[in-house]
Amino acid sequence: MKKIVCAAIAAVALSVASCGSMGMIYTDYTAAGTATSNTVGSKVGQSQRTSVLGLVAIGNSGIDAAAKAGGIKKISHVDVREFSVLGLFSTVTTYVYGE
């Protein structure tokens, strides 16, 4: 019994440690992606992927998809927003800025 409890505690600790900057209950943050030497443009494009229950994931949150959605040919910088509730529903949105 003692071994089972220790194994369960270890599993939870590893699970929490692997979350990185993700909150276990709620996450909503935007992080800097990449930047280029191009000047900041007036256009913005976005792309998104969605996951439900960690079982089904759909969408394309790639930089190329976001640039095409915004009609951007010269990228200045990229931001990425991550949103999650209990790990049951999550989205990753990529924002591309440029001309």
Checklist entry - Which of the residues spanning region 36-52 are touching a Ser or Thr at 6+ places or on another chain (Cβ under 8 Å) and over 14 Å from residue 94 (Cβ atoms)? => result 36, 38, 39, 40, 41, 51
Checklist entry - So which of 45, 59, 54 ends up being assigned to a strand (DSSP E or B) and at positive phi? => result 59
Item to check | Which numbered condition residue 56 fails, given (1) touching a strand residue (DSSP E or B) at 6+ places or on another chain (Cβ under 8 Å); (2) at pLDDT 80 or above; (3) among the hydrophobic types (A, V, I, L, M, F, W, C) | outcome: (1)
Checklist entry - Residues of region 71-99 being without any contact (Cβ under 8 Å) to a residue 40 or more places away in the chain and at positive phi, which ones? => result 71
Checklist outcome for this item: Checked pairs for region 52-70, first more than 19 Å from residue 85 (Cα to Cα), second among the β-branched types (Val, Ile, Thr) and in a loop (DSSP other than H, G, I, E, B), C-beta under 9 Å and 6 or more apart or across chains, list as 66/72
Checklist entry - Which residues, counting only those in region 62-99, are assigned to a helix (DSSP H, G or I) and out of contact with any Gly (no Cβ under 6 Å at 6 or more places or on another chain)? => result 63, 64, 65, 68
Item to check | Flag if residue 3 is charged (D, E, K, R), at pLDDT below 80 and out of contact with any strand residue (DSSP E or B) (no Cβ under 6 Å at 6 or more places or on another chain) | outcome: yes
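The values are calculated or read from the model by the stated rules, or taken from the named source; none is laboratory data. Please read these numbers as outputs of a predicted model, since none were measured by experiment. In this analysis, Cβ positions are derived from the backbone assuming ideal geometry, glycine residues included, and neighbour counts consider all displayed protein chains.
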